[in-house]
């Protein structure tokens, strides 16, 4: 499986080592900056990896006979690069968010299906040990009737973070705290609360980052088709450090709270069913000090397995679309000053600039 990585910045270190570990044949790396390629190889201890280097992804695609491309560039370029690769019969694994518009996400999904190739999205928190344990309890019906799911992402990003690249904190190429930092929490809300949502209402604001055009805080609610309610709060306005990503599930016969910096710890595990209570005895995830968790490794293993067996892929384009659709629905609700029905036929982050 001939593999290339496009984008060698902040998140790339969560891709390259696991591609190597999973047995991908890494043949090329691409970034607008050759220095970024050098830094990635050095930081991951892969300086001796025999790879071609490119600063133009189109040139790389045309010259490298690739099977799979991973895309870890700025959010606003994800769909353009993905579509270029998919149209040439190359499978794609793209970072979140997969796109910044419903139309682009739909085009990516349709093109992958037309070409008979894989489209995977890095919604890796679905594979965290804490997430998998909660999902097992849900599948067993241990919560009984689920009352509500609450998500709080309380993180910190300062001016120096946004000054790392001109695309950060723009509607055209990024979106704000909800799209960039909180999208994994929204993805887990859909996983836990039920994938089918019928209504979203949200309000966003910029309270502490006046040099940005996007939001740094958002709050609101979600109404699921089965009656479950979701509530959310997301912000990047904490002082000096991240506080927590907290996800709470409350049901008639069970309560769970995922906590820690990125919802990887289990703070509360309380169920009527003793067998489900006992599941916690086997919860022993590897330690991590990364907000990304340990699950990019699992993303790569599952992607390779799906590629070798020719399908299906759990974290596919439709999974990626559902997460970004929820964020876009919040944006649209704020802009229209009222509830928004799902599914969305169209909307984009650029729609917030009008």
Exercise for the section: Answer yes if at least one residue in the stretch 224-247 is within 20 Å of the chain's Cα centre (by Cα), crowded, with 20+ Cβ neighbours inside 10 Å and at positive phi, and no otherwise. Expected result: no
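Kindly evaluate residue 214 against the criterion of being more than 17 Å from the chain's Cα centre (by Cα) and crowded, with 23+ Cβ neighbours inside 10 Å.
It is true that residue 214 is more than 17 Å from the chain's Cα centre (by Cα) and crowded, with 23+ Cβ neighbours inside 10 Å.
Here are some residues: 271, 347. Which one is in contact with a helix residue (DSSP H, G or I) (Cβ under 6 Å, 6 or more places away or on another chain), within 28 Å of residue 244 (Cα to Cα), modelled with pLDDT of 95 or more and surrounded by 19 or more Cβ atoms within 10 Å (Cβ to Cβ)?
Numbers: 347 fails: within 28 Å of residue 244 (Cα to Cα).
From the options 271, 347, the qualifying one is 271.
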Exercise for the section: Could you check, for the stretch 8-25, whether at least one of its residues is under 24 Å from the mean Cα position of the chain (by Cα), closer than 25 Å to residue 114 by Cβ and surrounded by 18 or more Cβ atoms within 10 Å (Cβ to Cβ)? Expected result: yes
Fill in the blank from the handout: The helices (runs of 4 or more DSSP H) lying wholly within the stretch 20-137 that contain at least 3 residues that are in contact with a helix residue (DSSP H, G or I) (Cβ under 6 Å, 6 or more places away or on another chain) are 78-86, 102-115
Handout entry: Failed item, numbered, when residue 254 is tested on (1) surrounded by fewer than 20 Cβ atoms within 10 Å (Cβ to Cβ); (2) modelled with pLDDT of 95 or more; (3) under 24 Å from residue 149 (Cα atoms)
Key = (1)
Practice task
Within the stretch 156-168, identify whether any single residue is in contact (Cβ under 8 Å) with a residue 40 or more places away in the chain and closer than 17 Å to residue 263 by Cα, and answer yes or no.
Solution key: yes
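Name the residues in the stretch 175-206 that are over 22 Å from residue 244 (Cα atoms) and either within 18 Å of the chain's Cα centre (by Cα) or surrounded by fewer than 24 Cβ atoms within 10 Å (Cβ to Cβ) (or both), would you?
Going residue by residue through the stretch 175-206, those that are over 22 Å from residue 244 (Cα atoms) are 194-201.
Once the filter is applied, which keeps residues that are over 22 Å from residue 244 (Cα atoms) and either within 18 Å of the chain's Cα centre (by Cα) or surrounded by fewer than 24 Cβ atoms within 10 Å (Cβ to Cβ) (or both), the stretch 175-206 yields 194, 195, 196, 197, 198, 199, 201.
Restricting to the stretch 340-354, name every residue that is in a loop (DSSP other than H, G, I, E, B) and farther than 18 Å from residue 107 by Cα.
Within the stretch 340-354, the subset in a loop (DSSP other than H, G, I, E, B) is 342-347, 354.
Within the stretch 340-354, 342, 354 qualify.
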Exercise for the section: Tell me which of these residue 84 doesn't satisfy, since it passes every other one: (1) in contact (Cβ under 8 Å) with a residue 12 or more places away in the chain; (2) surrounded by fewer than 21 Cβ atoms within 10 Å (Cβ to Cβ); (3) more than 23 Å from the chain's Cα centre (by Cα). Expected result: (3)
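The values are calculated or read from the model by the stated rules, or taken from the named source; none is laboratory data. Predicted, not measured: the structure shown is a model, and the values here were computed from it. Ideal geometry is used to build each Cβ from the backbone, glycine not excepted, and the neighbour counts take in all protein chains shown.
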